[in-house]
1. Quick check: residue separation of Glu261 and Asn328 times 0.36 nm, minus the Cα distance between them. What number comes out in nm?
2. Rounded to the nearest angstrom and ordered from largest down, what semi-axes does the equivalent ellipsoid of the chain get from its C-alpha gyration tensor (root of 5λ)?
3. Using a Gaussian network model of the chain whose springs link C-alpha atoms within less than 10 Å, name the residue from Val44, Val345, Val316 with the highest mean-square fluctuation.
4. Before rounding to the nearest 500, sum -39500 (n - 2.57) across all DSSP H runs of length at least 4 in the chain and divide by the residue total; then give [θ] at 222 nm in deg cm²/dmol.
5. Give the Rg (one decimal place) followed by the Dmax (whole number) of the range 1-147, computed from C-alpha coordinates and expressed in Å.
6. What residue among Ala403, Ala70, Ala24 shows peak mean-square fluctuation when the chain is described by a Gaussian network model with Cα springs under 10 Å?
7. Can you tell which of Thr29, His92, Leu10 lies farthest toward the positive end of the dipole of the range 3-154, using +1 and -1 charges on the Cβ of basic and acidic side chains (Lys, Arg; Asp, Glu)?
8. Mind checking which lysines have their C-alpha under 25 Å from Lys352, skipping anything on the same chain fewer than 8 residues away?
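Nothing in this text is a laboratory measurement; each read-out follows from the coordinates by a stated rule. Keep in mind it's a predicted model, so treat the numbers as computed, not measured. Neighbour counts run over all protein chains shown; Cβ positions are idealised from the backbone, glycine included.
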Amino acid sequence: MALPFGEERLKRDALAIVQAALDAADAGTAVARSLQLNGEVLHVGSVQFSLRNFDRVFSLAIGKAAVSMAASIESVLGTTLTAGLAVTKHGHGGPALAKTQLVEAGHPVPDEAGLHAAILIEQLLRDLTARDLLLVAVSGGASALLPAPAGGITLGEKQETTRLLLHSGATIAELNQVRKHLSTLKGGQLAALAYPATVVGLLLSDVVGDQPDVIGSGLTAPDLSTFADAIDVLNRYDIWQQAPQRVQQHLASGRAGMVLETPKPGSPIFSCVHNQIIGSNRLALEAGLMRARELGYDSQILASTVTGEAREVAGVYASILREIRQHNSPLPAPACLLAGGETTVSVRGRGKGGRNQELALAAAVHLAPIDNVLLLSIGTDGTDGPTDAAGAFVTGNTLARAASLGLNASAHLAANDAYSFFDTVGDLIRTGPTGTNVMDIQVLLVT
């Protein structure tokens, strides 16, 4: 069953709006915008550093956008850069860099390659002195890509704990509260190991609220959470008893004061640390908004802080689309609403998918059979869950087309199997690695 012409145009417009958002969030561009070298003075936002005060300059780039961020640092610093290391997700690498070693590692579940990268970084940090400058470029995925298990915990035990949290529906902030207290690098501990070197954090935010202590599990930021908070997260999702024994023992020892807490605000180690937010979901949405208006849509940003179960958020979005279609409220058609954030999925089925695909499939169930509406949901890094898709789009006609192919949307939703549904229907969005990561974006269109 072919899409009506009007829905084909909606699809093209939605993709154009997303592309504008992705272009604005490009990680390499964000670094170049925030990092400038004028003679012997390095400008990072409004902060200046005289390179005469340093004998060496190193860079670390960690996350799904690590390669483009590392390349931009090399471009800005040139021969000033002594050496660097970039750690990114398998498949998100690129051409060899001049002075930066590249390691590809596991995400969202950490692997041996990430453990090796963490060891290399710890070796570098322990060699730093007060005459060294360290640039730390952090993007989404850094937490999983840099496992450094603490307290005798094995990589396998950390992998199991990560899987439990991912399947529980825990938010990224909650997940990171646990990770920080099972690590020797997260929660400001990277900065602690680098002390007394000067550390500059270049943070591409992939978290709601853009908090430095949550981005990448706060490698260079004071930790506001505690061992008790980490235990509370595991209890909140009823997975404390399922966590590996050594994980339970380490967290309990920390809560009892037998293991040193992560560095907190006011610690002297942060006197040498300067963190800068260089990109965010909100900036991407604003660029998408401008493109939507150029295309002739009455446009508005709903929020850049959307959280909650993907299915429930989908129901809210569908209600808004229905309201515009029937009552021209809160905007008259043709209308575009943009939203961003990071939803969660409580996995109960054995299917394949990601939070964006699940959100889109749930929206499709609510939208049928409304004409001339479209919802697109995409992960800005180009990856949605353990799939090769960035997300999917749906219209009021999606369920009818699916039914003609013998697909039952509700059954696929119950099995958490959005990927095979959209793969068959042909509504998956595949971008490949985008070179950025500022959470997810949803585009809602009505004509």
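1. Taking Glu261 through Asn328 to full extension adds about 18.8 nm, to one decimal.
2. 39, 26, 18
3. The residue with the greatest mean-square fluctuation here is Val316.
4. Roughly -12000 deg cm²/dmol at 222 nm, from the helical runs in the chain.
5. Over the range 1-147's Cα set, Rg and Dmax evaluate to 18.7, 67 Å.
6. Per the Cα network of the chain with a 10 Å cutoff, Ala403 tops the list.
7. Thr29
8. Result set, ordered by chain and number: Lys11, Lys64, Lys89, Lys158.
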